[in-house]
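Below: the structure, in structure tokens.
The values are calculated or read from the model by the stated rules, or taken from the named source; none is laboratory data. Since this is a predicted model, take the numbers as computed values, not measurements. Reconstructed Cβ throughout: ideal geometry from the backbone, glycine too, with neighbour counts over all protein chains shown. Note: accessible area is taken over every heavy atom of the protein model, side chains too, but ligands, DNA and RNA are not part of it. Shrake-Rupley method; radii C 1.70, N 1.55, O 1.52, S 1.80 Å.
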Amino acid sequence: MTEKNENSYILQTFDLTVIRNGKTLLDAVNLRIKSGTLTMLLGHNGSGKSVLLRTLHGLLATSAGHIKAPSAERQKIVFQKPILLRRSAHKHFRFVCPDCPDGNIEAWFAHASLQSQMDTHAHQLSGGEQQKLALIGALASHPSLLFLDEPTSHLDYESTTAIEKMILNAHAVGTTIIMTSHNRAQAERLAEHVLFIHSGKLIENQLAADFFQKPKDPIVDNFLNHL
């Protein structure tokens, strides 16, 4: 493979393995993510999706193998349940984005339709508003690589639609995104590429159109029929 082709991958893993208490959570996972793509990570509950996401981001230590990825400063992660400080939305944003120019802060809140909630305590925001606050807090640093762990889980249609729009806008300006979801329609709307993990093993790695129309593995076919 040429150096040019190698440089098109923003993230690669090599026999990535995570073992805890004698249980293999990730089993020799090898993957490559092209820069600027939106990849959906799918699988049953307990399959290893969140473990893989957290390991790729450096929150969980590997037992074997290694990861080639951008530096921690160029990565961000947004969890299913946002981690918010006990202060106003504005002060939370200022804490997580200390280098964001003052003139840009209101623009980020406008981007999330949160201008009127800037002085609201972060924990008093609705679930969708909290998730949007967490997302603009991640996006304001212009990360090269963004991990999203079921960012619209349990949210209403309006909030889900707004967050999906923000995700697509981030993707449009070149952010590489790796996202987990339990929503097939959402995965089909957003994904360019799909990774499917089962019992800690990566068993599908396909373009989204091929994954949803002609999965290679019967486990995936069964999963899609019940998703």
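Quick notes on this structure:
- Pairs of Cα atoms farther than 14 Å apart, the stretch 86-127, %: 42 percent
- Relative contact order [Cα under 8 Å, 6+ residues apart], the stretch 73-223, whole percent: 23 percent
- Carbon plus sulfur fraction of accessible area for the chain, probe 1.4 Å, in percent: 48 percent
- From the C-alpha gyration tensor of the stretch 135-227, square roots of 5λ in Å: 25, 15, 12
- Beta bridge orientation in the chain: antiparallel %, DSSP, nearest 5: 55 percent
- Computed log₁₀ I(q)/I(0) - Debye formula, equal Cα scatterers, no solvent, the chain, q 0.08, 0.09, 0.10 Å⁻¹: -0.30, -0.38, -0.47
- For the stretch 1-133: lysine pairs under 29 Å (alpha-carbon distance), excluding those fewer than 8 apart on one chain: 23
- Computed magnitude of the charge dipole of the stretch 1-136 (debye, nearest 20; Cβ of K, R +1, Cβ of D, E -1): 360 debye
- When all alpha carbon pairs of the stretch 48-155 are counted in 5 Å bins from zero, the resulting P(r) reads 2, 12, 22, 22, 18, 12, 8, 3, 1, 0 %.
- Charge tally for Gly48 (other residues, Cβ to Cβ under 9 Å; Lys, Arg +1; Asp, Glu -1): +1.
- Building the convex hull from the alpha-carbon atoms of the stretch 173-227 and averaging its projection over directions returns 4.1 nm².
- Estimated FRET transfer efficiency when R0 is 30 angstrom, pair Leu168-Ser116 (beta carbons, to 0.05): 0.80
- Spacing of the two label points (7 Å from each Cα toward its C-beta) at Arg94 and Arg184, in nm: 4.8 nm
- The length gained by stretching the chain between Leu227 and Leu85 to full extension, at 0.36 nm per residue less their Cα-Cα distance, is 47.7 nm.
- Share, in percent, of DSSP beta bridges within the stretch 121-227 that are antiparallel, nearest 5: 55 percent
- Cα-based Rg / Dmax (Å) for the stretch 1-81: 13.3, 41
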